[in-house]
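Asker: First the structure, which I've put down as structure tokens, then a few questions once you've had a look.
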Amino acid sequence: MPKKIVFEGKTEYLQVLDENGAVDKTLEPKLDENLLRKIYENMVRARVFDRKAISLQRQGRCYTYVPTEGQEGAQVGSALALQKADFGVPSFRENAVYLARGVSMEQLFLYWMGNEEGSRMPADQNNLPVAIPVGSQVPHAVGIAWAMKLKKEKAAAITYFGDGATSEGEVHEGMNFAGVFQVPCIFFCQNNQYAISTPITKQTHAQTIAQKALAYGFEGLQVDGNDVLAVYAATKAALEKAYSGKGPTLIEAITYRMQAHTTSDDPKKYRSDEEVEYWKKKDPLTRFQVYLKGKRLWDEEYEKKVQEAATREVEDAVRKAEAYKPNPEDMFTYLNAELTQDLKEQMQEMKKSMEG
Ligand SMILES: Cc1ncc(C[n+]2csc(CCOP(=O)(O)OP(=O)(O)O)c2C)c(N)n1
């Protein structure tokens, strides 16, 4: 039976640097040398931080940690495209986003070492703290973006979530609201191929996550998430759109989590060594290094300096975070807006036993 077509959509894919670091000149964003170096240095900082956190957890000096390795291109590229006034609304894997936005390594270690203080974002930085419940942060970002729109601020919110989160209601409620109210919000999905052990093929029957935006009436696109230039360019374009009142964008960054889901996970149970090797060749740092070298912005001496600076920074942060003396009352203080009677009693009991 012939039918009328009422809707047709398409989903585009952006890659500027291929996995060997070769650049597509027609798509290359014109970024100055300082910014290019800043991007690279922040990716290195994130990787050095990540490896240190895993090692501390293995030594019993840090609690369960959520690794970032492999996703530095997606995280640093998007975070450095933001302005200070924009709001970052991460989930739990965005260590590189926080670092690139100016959150200190010490602060992140405080969080992963289980201190409440780690969740207190510096007042002059527009970032929400880590959100562990999958997808729960998405409506918060939409609310922030709606407030920005009502207050006529030239700013946007960006929320980060994984492929697994797209099976949570909040992500869709957030996107629908954002479409209807045309709020300045970027939905940044890091499709790292797995939600713990669930592969993307079992997460959705759709060909892409990006296309889901079309159902909410706004643009969705895919980017090579291991190509920091593509991520930067796509995020900048989405921000310009948001600032000029043209509403939200969904960016699906195709990437891979190189390490375990968390330090409590064993990925060998659900993915092959060959698969990991395949993705290793797409490493975001190596390909950006090749690009910088081609521009005479990278050599061995520079690499040594960047690595040494990141190592000094991380060691200093560990020292400070481990010297931090938490106030045991923090366990109670930040749990509820007002303590319940039984919690008040427990807190008193704890104080008494500490005095005694
Ligand atoms: C509401 C909720 N359900 C389950 C969990 C347990 N959990 C933590 S992370 C995770 C998978 C998330 O996968 P994805 O959204 O793809 O993000 P990724 O971990 O890959 O970054 C699950 C099920 C949780 N934290 N919150």
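The values are calculated or read from the model by the stated rules, or taken from the named source; none is laboratory data. Note that the structure is predicted; figures quoted are calculated from it, not measured. Glycine also receives a Cβ, built like all others from the backbone with ideal geometry; neighbour counts cover every protein chain displayed.
Asker: Does G225 satisfy the condition of being closer than 20 Å to Q71 by Cβ, among the small types (G, A, S) and either within 16 Å of the ligand (Cβ to nearest atom) or in contact with a Cys (Cβ under 8 Å, 6 or more places away or on another chain) (or both)?
Answerer: Values: closer than 20 Å to Q71 by Cβ: yes; among the small types (G, A, S): yes; either within 16 Å of the ligand (Cβ to nearest atom) or in contact with a Cys (Cβ under 8 Å, 6 or more places away or on another chain) (or both): yes.
Answer is yes for this residue.
Asker: Take the residues in region 116-134 that are within 15 Å of the chain's Cα centre (by Cα) and under 15 Å from A85 (Cβ atoms); name whichever of them is nearest to the ligand (Cβ to nearest atom).
Answerer: L128
Asker: What are the pairs with Cβ atoms under 6 angstrom where one residue, in region 107-118, is within 19 Å of V97 (Cα to Cα) and the other, located anywhere, is basic (K, R)? Sequence gap at least six, or different chains.
Answerer: Listed by first residue and then by second, the contacts come to nothing, as the list is empty.
Asker: Here are the criteria: (1) over 19 Å from the mean Cα position of the chain (by Cα); (2) in a loop (DSSP other than H, G, I, E, B); (3) farther than 22 Å from I251 by Cα. Tell me which single one L31 does not satisfy.
Answerer: Unmet for L31, out of (1) over 19 Å from the mean Cα position of the chain (by Cα); (2) in a loop (DSSP other than H, G, I, E, B); (3) farther than 22 Å from I251 by Cα: (3).
Asker: Right, here's the next one. So in region 135-156, with the set limited to residues that are buried (at least 18 other Cβ atoms within 10 Å of the Cβ) and either part of a loop (DSSP other than H, G, I, E, B) or not assigned by TED's automatic domain parsing to the domain that holds P184 (or both), which one is farthest from the ligand (Cβ to nearest atom)?
Answerer: Filtering region 135-156 for residues buried (at least 18 other Cβ atoms within 10 Å of the Cβ) gives 135, 137-139, 141-142, 144-146, 148-149, 155-156.
Retained after the next criterion (residues that are either part of a loop (DSSP other than H, G, I, E, B) or not assigned by TED's automatic domain parsing to the domain that holds P184 (or both)): 135, 155-156.
Numbers: G135: 7, A155: 26, A156: 22 Å.
Looking at residues that are buried (at least 18 other Cβ atoms within 10 Å of the Cβ) and either part of a loop (DSSP other than H, G, I, E, B) or not assigned by TED's automatic domain parsing to the domain that holds P184 (or both), I get A155.
Asker: Being surrounded by 24 or more Cβ atoms within 10 Å (Cβ to Cβ), part of a strand (DSSP E or B) and more than 11 Å from the ligand (Cβ to nearest atom) is true for just one of G220, G174. Which residue is that? Before the answer, list the steps.
Answerer: Values: G174 fails: part of a strand (DSSP E or B).
Checking each option against the conditions leaves just G220.
Asker: Is it the case, given these coordinates, that Y278 is in contact with a strand residue (DSSP E or B) (Cβ under 6 Å, 6 or more places away or on another chain), more than 16 Å from the ligand (Cβ to nearest atom) and more than 27 Å from A147 (Cα to Cα)?
Answerer: no
Asker: What number of residues within region 223-239 are in contact (Cβ under 8 Å) with a residue 40 or more places away in the chain and either in a loop (DSSP other than H, G, I, E, B) or surrounded by fewer than 19 Cβ atoms within 10 Å (Cβ to Cβ) (or both)?
Answerer: Looking only at region 223-239, we keep the residues that are in contact (Cβ under 8 Å) with a residue 40 or more places away in the chain, and these are 223-236, 238-239.
Now drop any that are not either in a loop (DSSP other than H, G, I, E, B) or surrounded by fewer than 19 Cβ atoms within 10 Å (Cβ to Cβ) (or both), which leaves 225-227, 236.
Matching residues across region 223-239 total 4.
For every residue, the table says whether it meets (1) free of Cβ contacts under 8 Å to residues at least 12 places away in the same chain; (2) surrounded by fewer than 11 Cβ atoms within 10 Å (Cβ to Cβ); (3) under 30 Å from A233 (Cα atoms); (4) not acidic (D, E).
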| residue | (1), (2), (3), (4) |
| --- | --- |
| T263 | no, no, no, yes |
| E275 | yes, no, yes, no |
| F288 | no, no, yes, yes |
| R312 | yes, no, no, yes |
| E329 | no, no, no, no |
| Y334 | no, no, no, yes |
| E338 | yes, yes, no, no |
| M350 | no, no, no, yes |
